[in-house]
Amino acid sequence: MKLYGSPISPFTRKAMVVARELDLKLTVLPRPEDAAEFRRINPLGKIPALVLDDGSVLIDSPVICEYLNHVGGGKFFPGMSLWKENTGRWKALGLQALADGIADAAVARIVEGRQPAPNDAHITRNMLAVEAGLNALERSKMADPPTIGEIAASCTLGYIDFRMPELDWRAARPNLSAWYAKFSQFKSMLATQPK
Ligand SMILES: N[C@@H](CCC(=O)N[C@@H](CS)C(=O)NCC(=O)O)C(=O)O
């Protein structure tokens, strides 16, 4: 399987972490410079994109991660629970959606900042989402063993540290900070650090 993307992308990194945890062989390739060529792989032009051995393509990191979890026999996408509605699958998917949403806003802020005349309102709106999203993560009970939600949260925090080192997110978020200090030391997280 070939994965187009880079560990700098928190979405790509999620897939790399899942693949490593499940010992799946994944060749990670950079996004081709030729945008038209890449749109033949992912019409949306976004990373990650997973090309299967039969040539078919999966896009969007939640879909890619669930596929990898399925072929690797993983447990990062728990089953549904009738008795505990707030646990299992919906909790994991909800946490992933929150973490991915924070990453979307952080990526949008970084991209806007690179424009010749950045739009301040756009930056403010995205940073409000980042800050409020991090507050929600601070209140979240992280699962152990981790699910795709915890992997997504950790990849998002890694992206924020890498691209927004000036954002002192740890100061007012002791729970999240202590949790991430531990989670970021997992072998698969260390092996996929953005550089
Ligand atoms: N929902 C997508 C988001 C992917 C995404 O936004 N990727 C960014 C890089 S971090 C990208 O390729 N952006 C290029 C673009 O939007 O043209 C996922 O989870 O895979």
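The table for this structure:
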read-out: DSSP-assigned coil residues among chymotrypsin sites (Phe, Trp or Tyr not before Pro) in the range 109-195, each with at most 10 further Cβ atoms within 10 Å; value: none
read-out: Whichever lysines have a C-alpha closer than 18 Å to that of Lys187, once near sequence neighbours (fewer than 8 apart) are set aside; value: Lys14, Lys25, Lys75, Lys195
read-out: Order of Lys91, Lys2, Lys25 - criterion: other Cβ atoms within 10 Å of each residue's Cβ, fewest first; value: Lys25, Lys2, Lys91
read-out: Qualifying GluC sites (Glu not before Pro) in the range 114-181, DSSP loop, other Cβ atoms within 10 Å at most 11; value: Glu166
read-out: Only Lys, Arg (+1) and Asp, Glu (-1) charged, at Cβ; the range 2-71 dipole about Cα centre in debye; value: 180 debye
read-out: The chain - charge dipole about Cα centre, Lys and Arg +1 at Cβ, Asp and Glu -1, debye rounded to 20; value: 300 debye
read-out: Cα Rg, Dmax (largest Cα-Cα span) when computed across the range 2-71, Å; value: 11.1, 33
read-out: Under the span-like rule (Cα at least 27 Å along the axis, Kyte-Doolittle mean at least 0.0), DSSP H helices of the chain; value: 88-113
read-out: Residue exposure sequence - Ser9, Ser61 - by fewest surrounding Cβ within 10 Å; value: Ser9, Ser61
read-out: Percent antiparallel among DSSP beta bridges (both partners in the chain, rounded to 5); value: 65 percent
read-out: Proxy reagent accessibility, fewest Cβ within 10 Å first, across Arg114, Arg39; value: Arg114, Arg39
read-out: Rg to Rh quotient for the range 96-161, alpha carbon positions, Kirkwood Rh; value: 1.05
read-out: Most positive-pole-ward Cα, Ile41, Val111, Thr156, against dipole of the chain from beta carbon charges; value: Thr156
read-out: For the chain, average projected area of the Cα convex hull in nm²; value: 12.0 nm²
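The numbers here are math on the coordinates, done by the rules we state, and not lab data. For clarity, every value in this text was computed on a predicted model and none was experimentally measured. Please note: Cβ atoms are built from the backbone with ideal geometry, for glycine as well, and neighbour counts cover all protein chains shown.
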